[in-house]
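Below is one structure, written out as C-alpha cells; the observations come after it.
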Amino acid sequence: MLYRIKQFYRGLKAKVTPEDLQFLRSYLTAEETALFRRLRISEQRHCLNIAYDCLAEKEHSPLLIKAALLHDVGKTKSNLTLVNKALAVLVKKLRIPGKILPVFLTKALYYKEQHPVIGAEILQRLGTEAPVIFLTRYHHRDLTRKPFRDGEYSAWVTVLPAERNCPDQSALSPDDTAELVLLLKTLQEIDEKN
Ligand SMILES: [Fe+2]
C-alpha cells in the first residue's frame, strides 16, 4: 500500500527533461519517439526510469533498453490516469464484479489487462524489432506459472506479420528464447521496483 502511495506521489511530480529526450532519441526511431511521447508524463517517467535502471544492469542490451522505453505504449489511448489506476488496483483487490462497475472503470481495467497485447500490435505496425515486440507483449506474463519453452520465441516470430518489415534485426536480436526470457525477467523485476 505504501508503495502505491509513493508511486502515486511520484506520478504527480513526474517530468521529462531535455536530457531524457536526447536519451530517448538515441534508442528509438522518430515514429517510436512520437508514440512514446503520447503516453502520460507519469508513464513516460516510469518507462525512462526503468530504461535507466536497465542500463545500470551488468547484462543489458540496446534491445532491453528499447523494450523498457516502449513496453507500456499500449496505454497511449487508455484512461489510466493516476486516480483511475489506483481505483483499478482497488477494484481488483476487493474483487468487485465487473457488471456493477461504471464504464470508466471497465475501460481502465481493460487497458490494465490488455495493454501488453495492444502495445505489441502498435509496435508491429511501426516495424519495431521483433524481440522488442516480444518483450512488450509478455512483460506482465507470470513466468513461474507460464514459463516459455525452448524455441518458443522462434515459433512466435514466424507468425508475426510485421516481422518482415523490421529494420536490421540481426544487429539487435537474439533469436534464442532462453536469452530473451532472461531479458524479460530483468525487465519485469525492474518494472516491479518502479
Ligand atoms: Fe505494463
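Quick notes on this one:
- The relative contact order of region 1-98 comes to 30 percent, based on Cα pairs under 8 Å that sit 6 or more residues apart.
- Selected from Phe148, Thr76, Ala108, residue furthest toward positive end of dipole (region 56-158; charges at beta carbon): Ala108
- Taking the C-alpha atoms only, the angle from helix 103-126 to the longest principal axis of the chain is near 10 degrees.
- The value of relative contact order for the chain, using C-alpha pairs under 8 Å at least six residues apart, is 22 percent.
- Point-charge dipole on Cβ atoms (K/R +1, D/E -1) for the chain, about Cα centre, debye to 20: 1420 debye
- The chain, helix-only ellipticity at 222 nm - DSSP H runs n ≥ 4, -39,500 (n - 2.57), divided by all residues, nearest 500: -20000 deg cm²/dmol
- Semi-axis lengths, Å, region 2-193, gyration tensor of Cα atoms, sqrt of 5 times eigenvalues: 27, 20, 16
- Dipole of the chain, positive end: most advanced residue of Gln188, Leu12, Leu160 [Cβ charges, Cα centre]: Leu12
- Sorting Ser42, Ser61, Ser26, Ser154 by the number of Cβ atoms found within 10 Å of their own Cβ, with the fewest placed first, yields Ser26, Ser154, Ser61, Ser42.
- Between 0 and 90°, nearest 10: helix 82-94 axis offset from the chain longest Cα axis: 80 degrees
- Rounded tilt (10° steps) of 41-56 against the dominant C-alpha axis of the chain: 40 degrees
Values in this text are rule-based calculations from the coordinates and carry no lab data. Bear in mind that the values here come from a model prediction, so they are computed numbers and not experimental data. Virtual Cβ from ideal backbone geometry, glycine too; neighbours counted across all protein chains shown.
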